[in-house]
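First the structure, in the form of structure tokens, and then the observations on it.
The values are calculated or read from the model by the stated rules, or taken from the named source; none is laboratory data. Since the structure is predicted, the reported quantities are computational estimates derived from the model, not experimental observations. Don't worry about glycine lacking a Cβ; one is built from the backbone with ideal geometry, like all the others, and counts go over all protein chains shown.
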Amino acid sequence: MKFLRYILFPIVPIYFLVTWTRNKLYDSNLKKSTSYSFPVICVGNLSVGGTGKSPMIEYLIRLLKDHYKLATLSRGYKRQTQGFQLANAQDSAKTLGDEPFQFYNKFGKDVLVAVDANRQAGIEQLRALSNKPDVILLDDAFQHRKVQAGFNILLTSYYQLYSKDLVLPTGDLREPKSGAKRAHVIIVTKCPDTLTELEKEQIKNSLQPLPNQLVLFSRINYSKVVYSAEKSMALKDLKAFTLVTGIAKPKPLLAFLKKSQLEFRHLKFEDHHIFTEKEIAQLATLDCILTTEKDYMRLKDQITLRDKLFYLPIEVSLDAPDLFNKAVLGFVNS
């Protein structure tokens, strides 16, 4: 795969020019964006995945849900439905996509969860509801320039900063790194616990934020408890398991499990992988499976896995939560 990416390097300037030109057309209003008179917050990235958008959306839900009527709007990647879909009790990862289904499972009583590849149309549908939301959280919509969110949160992984990456197909950037100027807050995610203030300054120098941009750092907090459909148990009591991942960047999870001195082997699949019947049958032969919460959404309805399938929840921890919360609440209240 890496070799193929190097071969495709001559395409990089073409991709760069096309995406750069598109952004310039929107920046100069030659292509039109729709802005809104109510709070729309976008969580996104410049790269193709693995920066921690879902945990950040969940952080925002926890921050806002008790004070505002809230909705999340996602594309619904790899779902088997089309158009606008408002989550309900009959939905699954197949009809919503794994991440929106995760939001619904955790927050469905407090938050409207919707999917629509056309974010503009999705916002219109949400605002047409009788119980319309006060605030809409856009999941992975940073490149959806037809919608002009009032507040953009840009994520970049500690392990692969956008400032040190190239655009597709050789690199992982969806657009040139100059697109970062649209962000109000830049968060470096998945930082190690040992990150020093000197390293933070070096990263900030690499990112070269604008004077008005707030740069923060976050890390992943892994739960000490794992959950199945019927029970929970301490992670340390999980013996000789198989880790199954279908996420873009499993490196931080692997590092955490190894640091915890747990005995496991790793089966790695592509991001948002749809498991085949053959793969499910192979997984059913395993004694114990640990997976991410996102992957669990795609696997939990498989009867043959129910008594052996566990997931490990995660949450985001910010280095300066008060600064971030103040920026978000200041925008929403304004």
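When you go through (1) farther than 22 Å from I153 by Cβ; (2) in a loop (DSSP other than H, G, I, E, B); (3) in contact (Cβ under 8 Å) with a residue 60 or more places away in the chain one by one for K239, which number turns out not to apply?
Every listed condition holds for K239 apart from (3).
Could you check the stretch 215-249 and list, in sequence order, the residues that are among the small types (G, A, S) and within 16 Å of the chain's Cα centre (by Cα)?
Passing the criteria: S218, G246, A248.
Which of (1) touching a residue at least 40 places away in the same chain (Cβ under 8 Å); (2) farther than 30 Å from P250 by Cβ does V48 not meet, given it meets every other one?
(2)
Residue check: is T72 in contact with a strand residue (DSSP E or B) (Cβ under 7 Å, 6 or more places away or on another chain), among the β-branched types (V, I, T) and within 30 Å of K164 (Cα to Cα)?
No; evaluated as a whole, the condition is false for this residue.
Scan the stretch 271-325 for residues that are crowded, with 19+ Cβ neighbours inside 10 Å and among the hydroxyl-bearing types (S, T, Y) and jot them down.
Of everything in the stretch 271-325, those that are crowded, with 19+ Cβ neighbours inside 10 Å and among the hydroxyl-bearing types (S, T, Y) turn out to be T291, T292, Y296, Y311.
In the stretch 17-31, what residues are under 17 Å from V167 (Cα atoms) and touching a Ser or Thr at 6+ places or on another chain (Cβ under 9 Å)?
Selection gives W20, N23.
Just to be sure, is L126 at pLDDT 95 or above, of a type in the set (A, V, I, L, M) and over 16 Å from K294 (Cα atoms)?
Here the answer is yes, as L126 does meet what is asked.
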